Amino acid sequence: MHNIDLHIHSIHSDGTCTIPEIIQLAKQCGLTTLAITDHDTMKGVKEAILEGTKEGIQVIPGMEISTNYKGNDIHILGYGMDPDDEKLKPVFEFVQNDRKERNQTILKKMQADGIEIQESDIQSKEIFGRPHFARILVEQGVATSISDAFERFLGQDQKYYVPRRYLDMHQAIDIIHACHGKAVLAHPFQYQFSKEELDSFLQDAIHMGIDGLETYYTGYTDSQIHFLKDYAQNYVLIVTCGSDFHGDNKPEIKLGKLKYK
Ligand code: AMP
Ligand code: FE
Ligand code: FE
Ligand code: ZN
């Protein structure tokens, strides 16, 4: 698995690299297989397959869907779906309509504070979310960095925070399966669950039909990786590896640089 990265964001969601840039970076670091897993869209997938083929890199179709599980924002990675599958359209529409409404609220809050942001800024992308608002705050000197923008303005309970609506986790898994895809639980340790909560969450995920656990993830410790590997083995789940590369939006995360044991 040394040359695989199955969790990558591009400019189609909140990454800063274009698809050709990602393929070139992947080539430089010797990746043989990758998946573009933009948030709630598969817009970059076809271009990635095309560009990947030119460089001999296998590209697996992917997407990362934000879902709701008992009030928690849980990310499900879907792999292998056809981006044009009609069954995905309601998912894309649901997310885009919700974002449209939410972005209007955030826009008005920012404009009321004198921040220069226009309707056309948020219409420039299919998926325009908090990282893009964060970037505008940095460009205008209101925040010093993306993480500062989240900490002081866009994070939960901060002044520009507006919640999103999510698909239920089991619905997202069902849709991925209906599209003949595999559903993998993204970064299982990112959800602030206690040990007991994590165990009951993983059991629920298994009952909902989750196919795999993202086990090798940027920053995960040996013991975390070991735990997920064991868990996957016990319940016959796929083990995947992904960096969660976002380009300059998360500069500490490098493409394809994961620890494998
Ligand atoms: P949204 O879907 O619009 O609510 O934005 C969520 C995205 O913001 C996540 O997928 C992350 O990529 C990014 N994000 C969340 N928290 C932070 C943070 N503290 N610093 C940088 N990016 C963040
Ligand atoms: Fe993201
Ligand atoms: Fe995620
Ligand atoms: Zn991600």
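Farthest towards the positive end of the charge dipole of segment 1-136, among the residues Ile122, Thr37, Ala134, is the Cα of Ala134, using unit charges on the Cβ of Lys, Arg, Asp and Glu. Relative to the longest principal axis of the Cα atoms of the chain, the long axis of helix 130-139 makes an angle of roughly 50 degrees.
Using the Cβ-Cβ distance between His177 and Asp121 with R0 set to 41 Å, the FRET efficiency from 1/(1 + (r/R0)^6) comes to roughly 0.65.
As a rough footprinting exposure proxy, the listed residues Lys27, Lys257 were ranked by other beta carbons within 10 Å of their own, and the order from fewest upward is Lys257, Lys27. Translational diffusion coefficient, Stokes-Einstein: compute it for the chain using the Kirkwood radius over C-alpha pairs as Rh, at 20 °C and 1.002 mPa s, and state it as an integer in µm² s⁻¹. It comes out at roughly 113 µm²/s. Placing a label point 7 Å from the Cα of Ala112 along the Cα-to-Cβ direction, the residues of segment 131-159 whose backbone N falls under 12 Å from that point are 159. Restricting the GluC sites (Glu not before Pro) of segment 186-261 to loop positions (DSSP other than H, G, I, E, B) with no more than 14 neighbouring Cβ atoms within 10 Å leaves Glu252. The slack in the chain from Glu55 to Asn97, taken as 0.36 nm per residue of separation less the alpha-carbon distance, amounts to 11.5 nm.
Angle, helix 195-207 long axis vs. longest principal axis of the chain, Cα atoms, 0 to 90°, nearest 10? Helix 195-207 sits at roughly 70 degrees to that axis. From the alpha carbon centroid of segment 160-235 to that of segment 90-139 is 28 Å. Pairs exceeding a 23 Å alpha-carbon distance, out of Lys46/Lys182; Lys27/Lys89; Lys54/Lys250; Lys182/Lys250: Lys27/Lys89; Lys54/Lys250; Lys182/Lys250. Calculated FRET efficiency, Asp222 to Arg164, Cβ-Cβ distance, R0 = 35 Å: about 0.55 to the nearest 0.05. Set the Förster radius R0 to 25 Å, insert the Cβ-Cβ distance between Ser194 and Gln233 as r into 1/(1 + (r/R0)^6), and round the FRET efficiency to 0.05. According to the calculation, E is roughly 0.60.
Output needed for segment 147-236: three equivalent-ellipsoid semi-axes, defined as square roots of 5 times the C-alpha gyration tensor eigenvalues, in descending order, whole Å.
26, 19, 12
Taking the DSSP beta bridges with both ends in the chain, the antiparallel portion is around 40 percent. Mind checking the angle between helix 45-55 and the chain's longest principal axis? C-alpha axes, 0 to 90 degrees, to the nearest 10. For 45-55 against the chain, the angle is about 60 degrees.
Values in this text are rule-based calculations from the coordinates and carry no lab data. Just so it is clear, the model here is predicted, and its values are computed rather than measured. For neighbour counting, all protein chains shown are included, and Cβ atoms are generated from backbone atoms with ideal geometry for every residue, glycine included.
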